[in-house]
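Since every read-out is calculated from the coordinates, none of them should be taken as a lab result. Please read all numbers here as calculations on a predicted model, not as lab measurements. Using ideal geometry, Cβ is built from the backbone for each residue, glycine included, and neighbour counts are taken over all protein chains shown.
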Amino acid sequence: MTPAVTCRVAIGQEDLDACFAVRKEVFVAEQGVPEDLEYDEYDGGAVHVLALRSVEGAPLGTGRLLLGDAAVVKNGDPDPGVGALGRLAVLAAARGLGVGARLVAAIEDAARERGLHAVDLHAQTHALGFYERLGYEAYGAEFLDAGIPHLAMRKPLR
């Protein structure tokens, strides 16, 4: 049975702590990303989105949207109308339930609300199909981030 899921922009320290705990579980514990690489100087100015199980409010996933100069650094495009989606993470027990797609939609909504016309991301290569199904297109050469192969992707917002 698919759980009822709520996705929303994180508000307050409790929500941010939940976002960071999900990221630690997925990226640091599961994927072996060093903790000092997982958390960066962009977290403070990012729009964090949190997925919660609607019934009891347990965190299921998270992602962030970078704006302005932080997005330019991440996506390499000086266009201030392009945001950077990143740090998308869904706990293992919630995978395959549509949580990731709901998080991406919520991040895209946050981007639209801030007047952005496109979203870029750096996808782990194993996740390309997921992002392609959501309308993202890969561009450029494969690169390593924290020792994991990635491709840049972009989606225009309508």
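When Leu151 is tested against (1) of a type in the set (A, V, I, L, M); (2) part of a helix (DSSP H, G or I); (3) within 28 Å of Ala29 (Cα to Cα), exactly one condition is not met: (2). Residue under question is Ala106, and the condition is that it be assigned to a helix (DSSP H, G or I), in contact with a Cys (Cβ under 9 Å, 6 or more places away or on another chain) and farther than 26 Å from Phe143 by Cβ; does it hold? So Ala106 fits the description; yes. Considering only residues that are in contact (Cβ under 8 Å) with a residue 40 or more places away in the chain, among the aliphatic types (A, V, I, L, M) and in a helix (DSSP H, G or I), which ones fall in segment 16-60? Ala18, Val22, Val26, Leu37, listed by residue number. When Leu16, Leu85, Leu52 are checked against the criterion of being under 20 Å from Arg133 (Cβ atoms) and either surrounded by 17 or more Cβ atoms within 10 Å (Cβ to Cβ) or among the polar types (S, T, N, Q) (or both), a single residue qualifies: Leu85.
You will find that of Ala101, Ala94, Ala71, Ala89, the residue that is in contact (Cβ under 8 Å) with a residue 40 or more places away in the chain, under 13 Å from Val5 (Cα atoms) and of a type outside the set (D, E, K, R) is Ala94 and no other. Sort out which residues of segment 64-79 are on the phi > 0 side of the Ramachandran plot and not in a helix (DSSP H, G or I), and write them in order of number. Result: Gly76, single match.
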